[in-house]
């Protein structure tokens, strides 16, 4: 599960991590007042207007704007509310913006040798070591994946103790490695330790601050203040029963509608960019199926795992979800029945064909359908499909996965 930046800022504030003041708005009329509130007390008012969507690349897309007056804030809000945000991390049609964060702009200190004092800081789980890991870099404000690819030596990793979390001594070593000095060190250590605690307490999958900055020296902070000006949190869905506040922050408008439908029926569905729909039981088999489809020149349109205990109703819904995607030109069903029975899948296919309404209003499957069944009740499943062939004119049986991938790739051209 993901949350918006303004919600992430609330988590940081509640944990005692400094962030600039800000106001969230959902209408154009609120922009001017939000600017005045967020910049209250500043000698030279300066705010940043940021679209609240579950996608990166906002700045390059024009959905993060610095503004100096209430009028500029209103114009920035007008643009963001009336345009869809398109970036490399959004669908081609972009995302509708429904909320904005109007926050006090933070002045960032200059770094010796050029650039700004911006850092990357995150806690996530390292699957290789099976431990929670602090990840830090002096290269903040940019895509960390690119830094890790181009210059892996710029990434600092520090494992967290399974029970004690990130120890202050570890955080202090990281702070020195990042180049903090003077009173900045204690501030950075405090933020790192608190971020580690937040990660564990809130059942996070990712707790990220990017960038973490140092402000120019001031009377209250002679060495500058270390603070977070952007944050991203992802959460483990399996821990949401313990996280009522986080669960209440879930925004269904930011999710793929088909994925939301699938979740109601206990299906694991992820939309992709290809034209071959895949219905499989088991996550590993689903991954293998997509790999084999690509090996034969095809492009999967989705990942859909019906699991081991899906009902006929769930299988029928799975087909409806797959075929609701206009890009789907063919469907490959690959079932290896263990707990899942092949005859249940077969009946689900038949039911789906009887209920499916095509875009032209006709009933039944018009796209090519290739089915590979193996395992529990396979004879019964194959018999059901054979008897239903008059209502399944596009059906082809496959002997194995390779044969199925060959046939569906050929069928969709």
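Each reported figure results from applying straightforward, stated rules to the coordinates on display, with no laboratory input. Bear in mind the structure is a predicted one, so any value in this text is a computation, not a measurement. Note that we place each Cβ from the backbone using ideal geometry, even for glycine, and neighbour counts take in every protein chain shown.
Of all DSSP beta bridges confined to the chain, the antiparallel ones make up roughly 75%. With a Förster radius of 45 Å applied to the C-beta separation of residue 14 and residue 272, the computed FRET efficiency comes to 0.75. If you run the Gaussian network model on the chain, springs between alpha carbon atoms under 10 Å, then out of 72, 380, 139 the most flexible one is 380. Let me know the shape class of the stretch 118-248, please: from the alpha-carbon gyration tensor, a ≥ b ≥ c as square roots of the eigenvalues, rounded when a/c is under 1.5, otherwise prolate if a/b is greater than b/c, or oblate. Verdict is prolate for the stretch 118-248.
Simple spin-label estimate for residue 186 and residue 149 gives 4.2 nm between the two label positions (7 Å along the Cα-to-Cβ direction from each Cα). Inter-label distance, residue 142 to residue 355: 5.2 nm, where each label sits 7 Å from its Cα along the C-beta direction. Using a Gaussian network model of the chain in which every pair of alpha carbons under 10 angstrom is joined by a spring, one finds that among 16, 282, 114 the greatest mean-square fluctuation is at 114.
Spin-label pair residue 96-residue 394: with each label point 7 Å from Cα along the Cα-Cβ axis, the two points sit 2.9 nm from one another. Across the chain, Cα pairs under 8 Å and at least six residues apart give a relative contact order of 11 percent.
Based on C-alpha pairs under 8 angstrom that are at least 6 apart in sequence, the stretch 176-317 has a relative contact order of 16 percent. Helix 168-178 and the longest principal axis of the Cα set of the chain meet at an angle near 80°.
Between the Cα long axis of helix 378-387 and the first principal axis of the chain there is an angle of about 70°, rounded to the nearest 10.
Measuring between their Cα centroids, the stretch 53-109 and the stretch 308-334 lie 36 Å from each other.
Between the Cα long axis of helix 342-355 and the first principal axis of the chain there is an angle of about 90°, rounded to the nearest 10. Taking the chain as a Gaussian network, where each spring joins two C-alpha atoms under 10 Å apart, which residue of 86, 270, 97 fluctuates the most? In this elastic network of the chain, the residue with the biggest mean-square fluctuation among 86, 270, 97 is 270.
Let me know the shape class of the stretch 257-412, please: from the alpha-carbon gyration tensor, a ≥ b ≥ c as square roots of the eigenvalues, rounded when a/c is under 1.5, otherwise prolate if a/b is greater than b/c, or oblate. Spell out each step's value before the answer.
On the way: a/c = 1.09, a/b = 1.04, b/c = 1.04.
Since a/c stays below 1.5, the shape of the stretch 257-412 is classed as rounded.
What whole-number distance in Å separates the alpha-carbon centres of the stretch 237-255 and the stretch 352-405? Using only Cα atoms, the two centres lie 37 Å from each other.
Let a ≥ b ≥ c be the square roots of the eigenvalues of the Cα gyration tensor of the stretch 1-89; is it rounded (a/c under 1.5), or, if not, prolate (a/b larger than b/c) or oblate?
On the way: a/c = 1.83, a/b = 1.04, b/c = 1.76.
Here the stretch 1-89 falls in the oblate category.
Based on DSSP H segments of at least four residues, each scored -39500 (n - 2.57), the chain has a per-residue ellipticity at 222 nm of -10500 deg cm²/dmol.
What FRET efficiency would be calculated for the residue pair residue 296, residue 256, taking the C-beta separation as r and a Förster radius of 30 Å, to the nearest 0.05? About 0.70, to the nearest 0.05.
Across the stretch 257-412, the mean sequence separation of Cα contacts (distance under 8 Å, 6 or more residues apart), normalised by length, yields a relative contact order of 23 percent.
Remark: the residue 116-residue 285 segment gains 56.1 nm on full extension, using 0.36 nm per residue and subtracting the alpha carbon distance.
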